[in-house]
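The values are calculated or read from the model by the stated rules, or taken from the named source; none is laboratory data. Remember, predicted model here, so these are calculated numbers, not experimental data. Positions of Cβ are generated from backbone atoms using ideal geometry, with glycine treated the same way; all protein chains shown enter the neighbour counts. Note: areas computed on protein heavy atoms with side chains; ligands, DNA, RNA excluded. Shrake-Rupley method; radii C 1.70, N 1.55, O 1.52, S 1.80 Å.
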Amino acid sequence: MIRVTENLALIRDLLAKAAADAGRDPASVKLLAVSKRQPVSAIHDAAAAGQIDFGENQVVEGLEKIRIVANNALKWHFIGHLQTNKTKAVAEHFDWVHSIDRLKTAERLSRQRPASLDDLNICLQINVDNESSKSGIAVADVADLARRVVDLPRIRLRGLMCLPAIRDDFESQRKPFARLRRLADELRASGILTDTLSMGMSDDYRAAIFEGATIVRIGTAVFGPRNMT
Ligand SMILES: *Cc1c(COP(=O)(O)O)cnc(C)c1O
């Protein structure tokens with residue numbers, strides 16, 4: 001209990017400090033606690049310490065945790081690669097999907113989101129480094145996909161997400177995040193308004209906050225090393 005509680009307090013302070021140093025309101029940066037491959041007990045501890053948003057990257061594991069934790073006050077974010085044959089369960093049980101990388105996935109989520117629930121919040125995952133090994137939409141295709149998903153019913157385009165290649169120093173870390181921010185600016189200029197930049201993890205959240213991150217996805221710094229398989 002102590003460790004997650006203390007880690008959370010520490011990381012909240014560090015996020016607030018990064019925001020202040022960047023000249024931003026600390027309340028404009030939301031902490032998404034990435035609980036993938038962490039035990040349910042750790043989620044309970046974090047929730048007891050006031051954490052609301054949790055991120056999972058595997059459908060089966062995420063659904064199991066949502067069911068066991070059974071806390072309606074929590075928000076569940078899907079952040080992993082989403083296969084089209086698993087969209088229905090995600091549409092029914094998650095609040096956010098950060099990793100939309102094709103129209104077909106968005107269309108299925110739109111059809112499968114129960115009308116009884118709030119709209120499903122979605123972000124488009126962008127391959128900011130144009131790495132062939134990475135999932136995500138090519139930078140050149142973002143505007144077209146955004147135009148197609150923005151009008152789909154029962155899902156709401158909130159913004160962009162990226163998972164850049166690992167870089168060690170602050171200035172190089174900022175570059176891909178700046179690229180994501182500019183892409184959102186370009187969408188805005190073409191009339192597509194979004195309010196979310198999902199970027200930054202345990203080792204690069206500070207650079208992401210300097211470039212305008214509104215959601216940072218942090219696992220290890222909150223929960224420690226992932227040990228559950
Ligand atoms: C695992 C994961 C994170 C969290 O990574 P940490 O380095 O543990 O903070 C963030 N985003 C995505 C998409 C992930 O898969």
Which net charge results when you count Lys and Arg as +1 and Asp and Glu as -1 among the other residues whose beta-carbon is under 9 Å from that of THR84? +4
Where the Cα atoms of the range 103-229 are projected onto their three principal axes, how long is each span, largest first, in whole Å? 42, 38, 26
What relative contact order, as a whole-number percentage, does the range 52-145 give when Cα pairs under 8 Å and 6 or more residues apart are counted? 22 percent
Each residue of the range 189-206 in turn: what ³J(HN,Hα) in whole Hz from Karplus with 6.51, -1.76, 1.60 and θ = phi - 60°, glycine and Pro shown as x? 5, 9, x, 9, 8, 10, 10, 10, 10, 8, 7, x, 10, 4, 9, 9, 4, 5
Descending principal axes extents, the range 2-223, alpha-carbon based, whole Å: 46, 41, 32
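At 1.4 Å probe size, put PHE223, PHE210 in order of accessible surface, largest to smallest.
Listed by decreasing accessible area, they come as PHE210, PHE223.
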Could you list, in their original order, any pairs among LYS88/LYS175; LYS36/LYS88; LYS17/LYS88; LYS86/LYS175; LYS17/LYS86; LYS36/LYS175 whose Cα atoms are separated by more than 31 Å? LYS88/LYS175; LYS17/LYS88; LYS86/LYS175; LYS17/LYS86
Highest mean first, what order results for 35-43, 211-219 on Cβ atoms within 10 Å? 211-219, 35-43
Taking only protein heavy atoms into account and a 1.4 Å probe, give the accessible area per residue of the range 165-229 in Å². 48 Å²
